[in-house]
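First the structure, in the form of structure tokens, and then the observations on it.
Quick note: the coordinates plus some simple rules give every number you see, no bench work behind them. Bear in mind that the values here come from a model prediction, so they are computed numbers and not experimental data. So basically every Cβ, Gly included, is an ideal-geometry build from the backbone, and we count neighbours across all protein chains shown.
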């Protein structure tokens, strides 16, 4: 699949770090470093614009190393970039640590995964089938 990209930053375009990588790293496009205070959230620009083919989406996901080492994660995870969106790709980061975290130009702040999507048609009904789980929700199967 080919995805057309405009890179208005001086960072390299996103790429897979290894042969088995699912996501491409996204980098911050900043004029000066930003500091995120504990529990502060901010939209970080990337300078990237995409032309995603119909039937696909790009998902923006946290980077595990950033999450465990610095407490930085993506607030709306995964964030969806729709095929018809043509604006700049920005990443909503939140600092879940107890310390200020500095984000500098070129820092790898998130990863982007492309996913095929299915367009569905919803059909109104008065009844849906039952399952063994049925309406059991969060935590209904217990801990052990």
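Give the relative contact order (percent, whole number) for region 1-109; include only Cα pairs under 8 Å separated by 6+ residues.
On the way: 222 pairs, mean separation 39.4, N = 109.
It rounds to 36 percent for region 1-109.
Working out 0.36 nm times the residue gap between residue 35 and residue 86, then minus their Cα-Cα distance, what length gain in nm do you get to one decimal?
15.6 nm
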Given contacts defined as C-alpha pairs under 8 Å and at least six residues apart, what's the relative contact order of region 60-110, whole-number percent?
45
What FRET efficiency comes out for the pair residue 77/residue 121, r = Cβ-Cβ distance, R0 = 35 Å, nearest 0.05?
0.80
Sequence-separation-based contact order of region 1-51, relative, with Cα cut under 8 Å and 6+ spacing, percent:
49
Two-site label geometry, residue 43 and residue 8: point separation in nm, points 7 Å out along Cα→Cβ:
1.3
